[in-house]
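The values are calculated or read from the model by the stated rules, or taken from the named source; none is laboratory data. Quick caveat, the model's predicted, so the values are computed rather than measured. Because the Cβ atoms are built from the backbone with ideal geometry, glycine has one as well, and the counts that use them run over all protein chains shown.
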Amino acid sequence: MFFDKRRLCGRGPVLVAAIAGFLATAPALAQFPAPKADPNQRQVYLVRQDQSDCDNTNVPNVDSPLVSGNVWVTRQSDGNTNIRVVINAKPRTTYHFHLKCVRRLTEITTDDEGVGNASISVPTSQLNTTFAFDMYPEGAPSGNKFQSATVKFN
């Protein structure tokens, strides 16, 4: 046979004790609170979509084949809001990244693989509690425009 019954039987009590110990601590582990989300940070997707309203109310914040990037928005205690953008779009293309219906924030140029990123800091006083972003290359060709999901702070 491939196993020794005596060795297996000798380890049985050890295995039972280990399982019992784990089960005894499981209720205690379940009492640890889940980590709380940072109330000053939001993450939204950039979705391939040609148009939307100024707050992008019809842009879903769910992962899908239309998602081409992420935007992280973090309100800092110094009165500024940091915006970090990571995209995967058309290679070697410069995209204009806008605070939707307000102004251009920066330009993001993708590399040979279509990856681009940017970090921007904006005075929090220049942002509403609800806002969105859009991004597109010069000329804004259909099918190459991106809308963020709505960013909302209470």
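Descriptive notes on the structure:
- Tally, over the stretch 66-76, of residues that are surrounded by 13 or more Cβ atoms within 10 Å (Cβ to Cβ) and assigned to a loop (DSSP other than H, G, I, E, B): 1
- Test result for residue 68, touching a Phe, Trp or Tyr at 6+ places or on another chain (Cβ under 7 Å), more than 20 Å from residue 123 (Cβ to Cβ), small (Gly, Ala, Ser) and assigned by TED's automatic domain parsing to the domain that holds residue 125: yes
- Residue 73 falls short on exactly one of the conditions (1) within 14 Å of the chain's Cα centre (by Cα); (2) within 20 Å of residue 140 (Cα to Cα); (3) at pLDDT 95 or above, and that condition is (2).
- Summed over the stretch 99-153, residues that are of a type outside the set (Asp, Glu), within 19 Å of the chain's Cα centre (by Cα) and not in a loop (DSSP other than H, G, I, E, B) total 18.
- Residue within the stretch 77-85 that is more than 12 Å from residue 46 (Cβ to Cβ), surrounded by 12 or more Cβ atoms within 10 Å (Cβ to Cβ), in contact with a helix residue (DSSP H, G or I) (Cβ under 9 Å, 6 or more places away or on another chain) and at pLDDT 95 or above present: yes
- Residue 48 within 20 Å of residue 154 (Cβ to Cβ) and buried (at least 16 other Cβ atoms within 10 Å of the Cβ): no
- Yes/no for residue 63 being in a loop (DSSP other than H, G, I, E, B), of a type in the set (D, E, K, R) and within 30 Å of residue 39 (Cβ to Cβ): yes
- Failed condition for residue 144, given (1) at pLDDT 95 or above; (2) over 18 Å from residue 82 (Cα atoms): (1)
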